[in-house]
Amino acid sequence: MTLELTLLTQRVERLERQNQYLKRIAVATGLTLGALLLMAAEVKPRTIEAEKIILLDSHGRPRATIGTPEFAGVAIDTKPDEPVIWLSDENGTDRATLSTDGLRLNNAHAKPLVELRGDVIPGRSGLSFYSSDGKISWSAP
């Protein structure tokens with residue numbers, strides 16, 4: 001009977017060591033997960049501030065520019081601090097310009113094709129189509 005009691009005692013001691021080991025692993029895992037959740041809760045949204053953003057194509061040519069004319073370049077009929085998006089072709093020609101007061105589409109020679117303007121007359125917008133030489137062929141109002 002003493003042999004059985006000794007074996008049983010050894011087995012209980014081994015189980016208690018395993019139990020302590022598993023408890024330590026569970027506590028460590030819980031603390032790690034808690035720390036990760038706390039760190040994730042503290043993350044603030046990232047903000048990018050810039051005077052000008054330029055997107056380049058695979059050859060390093062500017063294809064889209066976001067900025068104001070004061071920092072990004074000259075824009076016709078645009079105030080210096082007005083936000084503008086320019087889309088350019090592979091030759092660097094501005095093909096589309098979006099600003100707070102309108103949208104302008106150009107041909108490959110930088111001549112206007114279509115222009116949609118806001119508040120031409122207070123409370124009214126305007127639409128113009130241009131001929132290939134850059135002159136207005138139809139406009140409303």
Exercise. Considering only the range 75-130, how many residues are of a type in the set (S, T, N, Q), touching a strand residue (DSSP E or B) at 6+ places or on another chain (Cβ under 6 Å) and in a loop (DSSP other than H, G, I, E, B)?
Worked result: 2
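Table: residues versus (1) modelled with pLDDT of 90 or more; (2) not assigned by TED's automatic domain parsing to the domain that holds residue 83; (3) not acidic (Asp, Glu); (4) not in a helix (DSSP H, G or I).
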{"residue": "3", "(1), (2), (3), (4)": "no, yes, yes, no"}
{"residue": "16", "(1), (2), (3), (4)": "yes, yes, no, no"}
{"residue": "23", "(1), (2), (3), (4)": "yes, yes, yes, no"}
{"residue": "28", "(1), (2), (3), (4)": "yes, yes, yes, no"}
{"residue": "35", "(1), (2), (3), (4)": "no, yes, yes, no"}
{"residue": "40", "(1), (2), (3), (4)": "no, yes, yes, no"}
{"residue": "59", "(1), (2), (3), (4)": "yes, no, yes, yes"}
{"residue": "65", "(1), (2), (3), (4)": "yes, no, yes, yes"}
{"residue": "71", "(1), (2), (3), (4)": "no, no, yes, no"}
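Yes/no per residue for (1) more than 30 Å from residue 127 (Cβ to Cβ); (2) of a type in the set (Lys, Arg):
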position	(1), (2)
7	yes, no
22	yes, no
46	yes, yes
49	yes, no
55	no, no
102	no, no
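The values are calculated or read from the model by the stated rules, or taken from the named source; none is laboratory data. Here the structure is a predicted model, which means the values were calculated and not measured. Using ideal geometry, Cβ is built from the backbone for each residue, glycine included, and neighbour counts are taken over all protein chains shown.
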